[in-house]
Amino acid sequence: MKRRFKFNNKNLSLWALLAALLWSAVFIFSLEWNLRQNQRMVPEQATAQARAAIEKDMIYRSVVSRVGGIYMPIDQGIAPNPYLAHLPNRDVTTTDGRKLTLVNSSYFTRLVHDQEAKLSPHGIRGHTTKEHPLRPLNVPDHWELKGLKKLRSGEPEWSEETLIGGKPYLRMIKPRLARASCMACHPEESAEPGEIMGGISVRIPLDELQADADARVLSIVGWHGGLWVLGMIGLFLGNRLLRIQSDEMHYSALHDVLTDLPNRALFMDRLEQRLESAKRHDKTGAILFLDLDRFKNINDSLGHSIGDELLKRVAERQRFLLRAEDTVARLGGDEFVILLADLHDDPEVAAIEARNVAEKVLEALSQPYHIDNHTLHSTPSIGIALISPESGDSSEILRQADAAMYQAKEYGRNNFRFFLPSMQMLAAERLELENALHSAITQNQLVLHYQPKVTIARRAEILGAEALIRWQHPTQGLLLPGEFIAIAEESGLILQLGEWVLREACLQIKAWERLFKGESFGRISVNISPKQFQQKDFVQRVVSTITDTEVDPTRLELELTESSLVEDIHDVRYKMEELKKLGIQLSIDDFGTGYSSLAYLKMLPVDVLKIDRSFIRDIGIDPNDDAIVETILAMSWRLGFSAIAEGVETDEQLKFLKARQCDGYQGYLFSLPLVADEFEAILFESADIRA
């Protein structure tokens with residue numbers, strides 16, 4: 001699995017590198033594009049300024065020429081225009097004695113240009129020019145001559161970057177067209193209106209624009225650099241976050257959420273590596289398969305939160321016992337598995353080492369657990385399978401350890417067993433039985449037997465019967481519940497079996513109702529498993545079965561185990577009260593063997609306590625059992641419950657119970673479980689029913 005982690009991290013590193021390269025490429029492209037755009041702005045801004053200056057010049061000329069010129073006071077800055085001397089009204093004197101001179105469009109724009117030159121000697125400069133000007137200052141230079149030729153060849157404007165005095169300028173020239181209004185001031189011109197008289201030339205200094213562009217370069221580079229750094233930080237943090245998430249996902253995929261131990265996938269990977277090492281390097285090892293004894297009782301009776309905490313404590317104790325090179329994993333439920341690595345090369349010594357570890361695990365896990373004011377005991381059953389160069393694949397070695405674990409359970413639990421080849425056959429038979437159980441319901445292989453419950457207050461009378469499931473196996477014959485109920489619980493078939501028993505019992509009750517035509521034959525009790533009772537819609541399922549079979553619910557009794565009653569006391573009470581409303585009688589089966597609280601017991605609408613056979617077996621022999629039975633009988637009488645003793649097999653037991661006023665009895669002393677026809681015969685023979 002370590003290789004898998006490296007592979008994923010390498011992929012993330014590669015993607016992060018590609019993302020960084022892509023981001024850098026985008027950064028370089030954007031930086032280069034923005035720098036080019038910035039540099040392109042210098043001539044564009046200069047061109048725009050040049051056009052604006054020429055446009056302003058042309059507007060001035062148009063306005064002044066449209067009004068025939070304007071009169072301005074003669075002072076130091078304005079003198080009479082010698083080129084307008086031919087005009088009789090060039091100079092005038094106002095009534096208040098002020099002397100004015102006529103300023104035409106050319107003169108006006110020259111005044112504007114001169115003023116601009118004074119205000120900004122190195123700024124924008126413009127003037128008019130032509131090939132043969134009247135005014136010497138308007139004589140075109142070499143560049144302007146070239147521009148005038150371009151204009152006369154049809155160009156709308158001409159511009160070019162040049163050096164003047166060693167400094168860069170953008171120069172532009174646009175045509176100056178003849179106007180009819182201009183001819184009075186320029187009689188020497190022979191141009192027709194609309195013809196090119198010359199050009200308007202302007203030059204724009206580029207130093208300031210370039211300085212602004214250079215300043216923007218620093219801003220662009222700084223902005224891009226900051227953005228690139230932020231992007232790289234984001235990529236780094238994103239890659240780190242993805243690495244963390246990837247590691248967490250892989251860790252979660254390979255570890256148990258509850259105990260934080262390796263899960264089945266990671267364990268099987270390490271087991272395969274160990275098997276490969278065993279074959280290549282002649283190494284040995286062992287697997288210890290652990291299953292907690294009676295964990296289901298704790299989980300069902302005290303709740304899943306207590307059960308989960310117990311599993312955590314079990315995991316902690318195992319982790320503390322093992323070496324760093326060993327592996328403890330949780331396969332699921334209450335199953336754990338330990339992989340011991342690098343045991344002694346001698347198989348016998350390796351077996352001793354594995355046994356020593358198993359003994360330590362047994363000792364550690366057998367100590368009591370103190371959880372939420374509960375003192376719990378949950379011992380393990382351990383199966384051991386040795387790993388050698390001759391071992392099969394990982395699945396086979398795990399099955400061997402599993403088979404050995406079941407043998408440990410068969411031999412009294414809280415112990416360990418090494419795998420023997422014969423165990424494989426037992427495991428295969430168990431698997432075959434589980435597969436056959438799936439089809440037992442649909443193929444009508446299940447039957448109900450009925451064991452009578454009697455009272456002998458004055459004489460023996462039948463109180464009813466308990467419906468007990470049997471499996472008529474096609475090859476193995478009649479199987480008792482002890483041979484397949486545990487398999488049904490582990491495989492999840494217990495709910496289907498429970499549904500079948502309830503429906504079949506109701507159908508039989510209905511048949512007896514018709515047969516005995518209203519005469520009493522007592523109540524037929526049906527065992528309800530904890531999982532069945534804990535279904536949210538259990539009451540609705542019972543109602544549906546009663547409705548479908550049209551049975552009288554007062555003929556029905558449901559036997560609940562103590563572990564069914566303590567999961568959620570409020571839900572339990574609600575369900576029991578709803579069942580009581582239907583007329584169904586409720587009893588607690590195997591009373592005294594579970595985890596029921598007397599405080600809970602007085603809150604629940606219970607009718608009958610059934611004393612477990614384990615207490616009945618030794619009454620009259622074991623004083624402790626005598627005391628327990630007497631206490632249960634006294635308590636049931638005080639609380640208003642009926643008491644029925646299970647497993648009554650001897651006259652001495654009956655005498656003991658009768659002397660203490662037990663209400664009812666069930667056991668081989670009175671009758672074995674009977675098929676329906678045999679139970680009918682007993683009913684007909686009973687003094688209470690006449691055919």
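Read-outs throughout are calculated quantities, based only on the coordinates presented, and are distinct from any laboratory measurement. Remember, predicted model here, so these are calculated numbers, not experimental data. Because the Cβ atoms are built from the backbone with ideal geometry, glycine has one as well, and the counts that use them run over all protein chains shown.
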- Assuming a ≥ b ≥ c are the square roots of the Cα gyration tensor eigenvalues, decide whether segment 293-374 counts as rounded (a/c under 1.5), prolate (otherwise, with a/b larger than b/c) or oblate. prolate
- Query: With each label point set 7 Å from Cα along the Cα-Cβ vector, what nm distance links Ala52 and Lys118?
  - Reply: 2.4 nm
- Message: Just want to confirm a number: the relative contact order over segment 530-655, from Cα pairs under 8 angstrom separated by 6+ residues, in percent.
- Response: 20 percent
- Note on the structure: Ranking His370, Ile173, Leu579 by how far each Cα lies towards the positive end of the charge dipole of the chain (+1 on Lys and Arg Cβ, -1 on Asp and Glu Cβ), the top one is Ile173
- Query: What residue among Leu242, Gln443, Pro82 has its Cα farthest toward the positive end of the dipole of the chain, where the charges are +1 on Lys, Arg and -1 on Asp, Glu, each on the Cβ?
  - Reply: Pro82
- Query: Taking segment 264-419, how much of its Cα-Cα pair set, in percent, is spaced more than 28 angstrom apart?
  - Reply: 18 percent
- Net charge dipole size for the chain [Lys, Arg +1 and Asp, Glu -1 on Cβ; Debye, nearest 20]: 4760 debye
- Query: Which order do peptides 433-439, 22-28 fall in by mean Cβ count within 10 Å, highest first?
  - Reply: 433-439, 22-28
- Message: Checking the a/c ratio against 1.5 first, then a/b against b/c, what shape does the Cα gyration tensor give for segment 435-685?
- Response: rounded
- Relative contact order, percent, of the chain when contacts are C-alpha pairs under 8 Å separated by at least 6 residues? 8 percent
- Item | trypsin sites (Lys or Arg not before Pro) restricted to segment 502-574 and DSSP loop, no more than 11 other C-beta within 10 Å | Lys517, Lys536
- segment 42-211, relative contact order [Cα under 8 Å, separation at least 6], %: 25 percent
- Message: Let me spell out the model: positive unit charges on the Cβ of Lys and Arg, negative unit charges on the Cβ of Asp and Glu, origin at the Cα centre of segment 435-685. What dipole size does that give, in debye rounded to 20?
- Response: 600 debye
- Message: Can you tell me the orientation of helix 421-440 relative to the chain, as the angle in degrees between its alpha-carbon axis and the longest Cα principal axis, to the nearest 10?
- Response: 80 degrees
- For the chain, what is one quarter of the convex hull surface built on the Cα atoms, given in nm²? 63.7 nm²
- Quick calc, segment 42-211, dipole around Cα centre from Cβ unit charges on Lys, Arg (+) and Asp, Glu (-), nearest 20 debye, gives 180 debye
- Mind checking which of Ala286, Gly333, Leu271 is farthest towards the positive end of segment 264-419's charge dipole, using Cβ charges of +1 (Lys, Arg) and -1 (Asp, Glu) about the Cα centre? Gly333
- Gyration tensor on Cα atoms of segment 92-150, a ≥ b ≥ c root eigenvalues, a/c under 1.5 rounded, else prolate if a/b beats b/c, else oblate, says oblate
